[in-house]
Amino acid sequence: MAAKPLRIVLLGPPGAGKGTQAQKLVSHYKVPQLSTGDILRAERKAGTDIGKQAQAAMDSGKLVPDDLILKLVERELAKGITGYILDGFPRTIPQAEALDKMLSSRTMPLEKAIELTADYDEITRRATGRRSCPNATCGAMYHVDSNPPKKANVCDKCQTPLVQRVDDKAETVVKRLEEYEAKTAPLRPFYESSGRLARVNGVGAIDDIFNRITAAIGHS
Ligand code: AMP
């Protein structure tokens with residue numbers, strides 16, 4: 001019998017390493033990653049109405065309104081996926097409630113919410129050191145300390161000069177952490193009370209964290 005497709009949410013403050021781990025989970029479990037942050041950045045790049053509506057909130061480290069996000073997620077789920085790794089979504093209780101409804105109507109309910117934990121000093125260090133490749137077909141990610149490119153500020157894979165996301169600047173990181181505490185941290189009791197929360201220490205080597213996540217998931 002084919003293995004059940006993985007269906008998880010990755011929770012954790014911005015800079016906790018969700019994107020990095022999501023990429024590894026995608027290749028291990030062969031299910032797509034759905035990152036609302038990546039989708040929004042692509043919408044902005046393409047100059048769509050959604051992208052324009054999201055721009056101001058994103059650049060100041062605030063959350064984009066729930067209705068806009070839910071529209072995007074509906075659109076992605078309608079593409080016919082059966083498993084998923086949700087990264088950066090849900091971020092509010094209304095989003096989590098709407099997600100449960102969308103998934104149960106598609107009979108692909110969420111198995112687990114994996115929360116990556118890290119303290120805020122570590123997170124600030126990680127987020128402000130993060131660099132990414134702006135080439136849309138590449139998107140490789142680096143960190144100036146823990147995962148530097150071979151040549152400073154140049155992508156190893158496609159040689160494109162790397163960029164720092166506007167929302168990874170120090171003052172915006174502080175705002176994003178405040179938004180996380182106020183609006184996203186309440187998801188912890190939300191998933192815990194329904195027996196779906198697993199907390200994973202998000203500090204350490206990337207492969208060690210990955211092994212902790214797969215152990216928490218508990219199936220191949
Ligand atoms: P991320 O790459 O997940 O950190 O997202 C970057 C920015 O996009 C966030 O700081 C928000 O402004 C916006 N964003 C991404 N996902 C969501 C979401 N689920 N709800 C509200 N805003 C979001």
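For this structure, a couple of remarks:
- With semi-axes defined as the square roots of five times the eigenvalues of the C-alpha gyration tensor, the equivalent ellipsoid of the stretch 1-100 measures 24, 15, 13 Å, largest first.
- Summing Cβ point charges (Lys, Arg +1; Asp, Glu -1) relative to the Cα centre of the chain gives a dipole of roughly 600 debye.
- Dipole-positive endmost among GLN95, PRO65, CYS138 within the chain (Cβ charges, Cα centre): CYS138
- Structural descriptor for the stretch 119-188: relative contact order 30 percent, calculated from alpha carbon pairs under 8 angstrom and at least 6 residues apart.
- Summed side-chain charge close to ASP119 - residues other than ASP119 whose Cβ falls under 14 Å, Lys, Arg +1, Asp, Glu -1: -1
- Rg over Rh, two decimals, the stretch 141-220 (C-alpha only, Kirkwood Rh): 1.07
- Spatial offset of the stretch 93-114 relative to the stretch 120-149 amounts to 30 Å, using the alpha carbon center of each.
- Scoring 15-28, 65-78, 126-139 by mean Cβ neighbours within 10 Å over their residues and listing the highest first yields 15-28, 126-139, 65-78.
- Structure-based [θ]222 nm, the chain - -39500 (n - 2.57) summed over DSSP H runs of at least 4, per residue, nearest 500: -13000 deg cm²/dmol
- Average Cα contact separation per residue, the stretch 148-220, under 8 Å, 6 or more apart, as relative contact order %: 12
- Normalised by residue number, the volume inside the convex hull of the Cα atoms of the stretch 28-67 is 98 Å³ per residue.
- Cα pair distances in the chain, grouped into 10 Å bins until the bin that holds the longest one, percent each: 8, 33, 40, 18, 2, 0
- Contact order, relative form, for the chain: 28 percent (alpha carbon pairs under 8 Å, 6 or more residues apart, mean separation divided by residue count).
Just so you know, all these numbers are worked out from the coordinates, no wet-lab data involved. This structure is a prediction, so every number in the text was calculated from the model and none was measured. Backbone-built Cβ (ideal geometry, glycine too); neighbour counts: all protein chains shown.
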